[in-house]
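Where a number appears in this text, it was derived from the coordinates with a stated rule and is not lab data. Everything numeric here is computed off the predicted structure, so don't read it as measured data. Reconstructed Cβ throughout: ideal geometry from the backbone, glycine too, with neighbour counts over all protein chains shown.
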Amino acid sequence: MSSTEQTGTPQAHTDPSGSQDAPRYAVAVIGAGSMGAGIAQVAAQAGHEVHLVDVRDGAAAQAVEKLGATLRKLAGKGKISEADAEAAIGRLVVGPAANGDLAALPAMGLVIEAAVERLDVKQEVFSTLAEHQGADTILASNTSSLDIAAIAEGVAEPGRVIGLHFFNPPPLMKLVEVIRGEQSSLQVLDAATELMRSWGKTPVRCTSTPGFIVNRVARPFYGEAQRMAQRGSASPADLDLALTEYGGFAMGPFRLTDLIGQDVNYAVGHSVWQQTDQDPRYEPTGFQDDLVQAGALGRKTGRGVYTYDDQGKPTDAEGDPFAARALARGPVETNVVARTIAMLVNEAVDLVHRGEASRRDVDTAMKLGTNYPKGPFEWLEELGAEKVLADLRVMDAAYPTGRYRPSEALVAMVDASERGAGDRETGGPAAAGRGAGDRETGGHHTDEERERA
């Protein structure tokens, strides 16, 4: 049977989960690097025929070979059955489009682009896909920060273009950000959300705001520590230790950016900064820029913030416990834990206030996507809006660049609380009488909720 016959008519919008009663439609993944190959593995294990495509000669075939070895290794360890491993391997296809000829790609139900993070490249891929794939094919980008509407610029039916942002490594990371562009169809978003659930993922919804949820809200986690190190307030190792030991974070920002790659982390941050009209909240640091310019990109180059041995272990990343404890106590200007958490909460509150995502999805995304010990709104509940706002105002006075300006929604929370307290003192009406739904979204509704209302 030919690939076209196996694929059949895509049912992307009407049968997103590929239930037991209907065959799952075929999926194509454009880009066979570590991310693309990981997405292909997830889709194949979920029961889809998966076509891998990559412009690099032989890259798709090589990725399929490696995936086969990975799946058999999982079976050997008892993680999956041998039958399931072989079935998934059998669904991985190196077809006529494998070397990048998108015109030769058979009809797909879903195409996920995981190519290089360049807008011009993605636009070319999507315009070609739109020309050769049927109108019912969902076209998704795995972009980590680029605007979905811009990616869909050359697509005649932009409603079928969405973002599906997976996290590395896709087979292990549960989170997927489902991103709505300006013209993305709600029906397509719903179909993709249900599909991700059927793949065993935890989808969260967000509009196509710069950085989406995770890469937007997480900026202060890197930036605050980098600014303190840049000013000579503390060493990277001491700052990392303070945030892990006293902040509860799984890894400090310097170890983490060395692991991600300083160039990769810097590029995402720079993209968010540019897309927000160079908002000082997101301005990249000279500290990280210097590392990138020097080629000190982290573990992959043997040197970043720290130096790494042949096994990839840092040789100079041990912090001083006494210095770390001091960095987690005292006034917010010198307390890396307090200022980092205040900034994370502020960013999350602002994101929800603008209707980009729900409070619940923000907390879920930050815990699953970054392994934070708590979601920003859980910290807000624990600390109180008054404490967070006070910390931000101290920082804003010390560094009046606009970076630490409090979210209007955070200020409104505190004002409402104070008015409510005053009314209770005088027996007047409760000014803080917002409903739970308002508290959930900061008084605003997401685009999705507005359409469904």
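Some observations on this one:
- Cα-based Lys pair tally, the chain, threshold under 24 Å, eight or more apart or on separate chains: 19
- Mean ellipticity per residue at 222 nm, deg cm²/dmol - from DSSP H runs of n ≥ 4 across the chain, formula -39500 (n - 2.57): -14500 deg cm²/dmol
- Equivalent ellipsoid, the stretch 82-124 (semi-axes from 5 times Cα gyration tensor eigenvalues, Å): 26, 14, 9
- Rounded to the nearest 20, the Cβ-based charge dipole of the stretch 216-393 about its Cα centre (Lys and Arg +1, Asp and Glu -1) stands at 160 debye.
- For the stretch 87-151, the equivalent ellipsoid derived from the Cα gyration tensor has semi-axes of 21, 14, 12 Å, listed largest first.
- Simple spin-label estimate for residue 289 and residue 326 gives 3.0 nm between the two label positions (7 Å along the Cα-to-Cβ direction from each Cα).
- Loop-exposed GluC sites (Glu not before Pro) per DSSP, neighbour cap 15 Cβ within 10 angstrom, longest uninterrupted part of the chain: 1-152
- Nearest-0.05 FRET efficiency for residue 124 and residue 300, computed from C-beta distance (R0 30 Å): 0.60
- Cα-based Kirkwood hydrodynamic radius, the stretch 3-208, one decimal, Å: 16.6 Å
- Distance between the stretch 361-389 and the stretch 87-117 - C-alpha centres, whole angstrom: 38 Å
- Each of residue 408 and residue 82 was given a label point 7 Å from its Cα along the Cα-to-Cβ line. The distance between the two points is 6.4 nm.
- For the chain, share of DSSP beta bridges that run antiparallel, in % to the nearest 5: 25 percent
- The residue 56 and residue 172 beta-carbon pair, evaluated with R₀ = 30 Å, returns a calculated FRET efficiency of approximately 0.75.
- Largest-first principal axis extents, alpha carbons of the chain, Å: 76, 59, 42
- The chain - percent relative contact order, Cα under 8 Å, separation 6 or more: 11 percent
- Sorting 366-372, 216-222, 309-315 by average packing, meaning the other beta carbons within 10 Å per residue, from highest down gives 216-222, 366-372, 309-315.
- Kirkwood hydrodynamic radius of the stretch 215-260, from inverse mean 1/r over distinct Cα pairs, in Å: 10.6 Å
- Orientation-averaged projected area, Cα convex hull of the stretch 316-417 (nm²): 7.8 nm²
- Of all DSSP beta bridges in the stretch 3-208, antiparallel share, percent nearest 5: 15 percent
- Table column - 3J(HN,Hα) (Hz), the stretch 96-103, Karplus curve with 6.51, -1.76, 1.60, x for Gly and Pro: x, 9, 4, 8, x, 7, 5, 5
- Note: relative contact order over the stretch 216-393, using C-alpha pairs below 8 Å and six or more positions apart, is 25 percent.
- In the stretch 81-149, trypsin sites (Lys or Arg not before Pro) in a DSSP loop with at most 15 other beta-carbon atoms within 10 Å: 118
- Label-to-label distance, residue 311 versus residue 66, with points set 7 angstrom from Cα along the beta-carbon direction: 2.4 nm.
- Reported to the nearest whole Å, the Cα centre-to-centre distance from the stretch 211-226 to the stretch 247-285 is 6.
- Diffusion constant of the stretch 216-393 at 4 °C, which comes from Stokes-Einstein with the Kirkwood Cα-pair radius and 1.567 mPa s, µm²/s: 78 µm²/s
- Extents of the stretch 298-350, largest first, come to 41, 31, 13 Å (Cα atoms, principal axes, whole angstrom).
- Alpha carbon convex hull of the stretch 46-93, projected area averaged over orientations, nm²: 3.1 nm²
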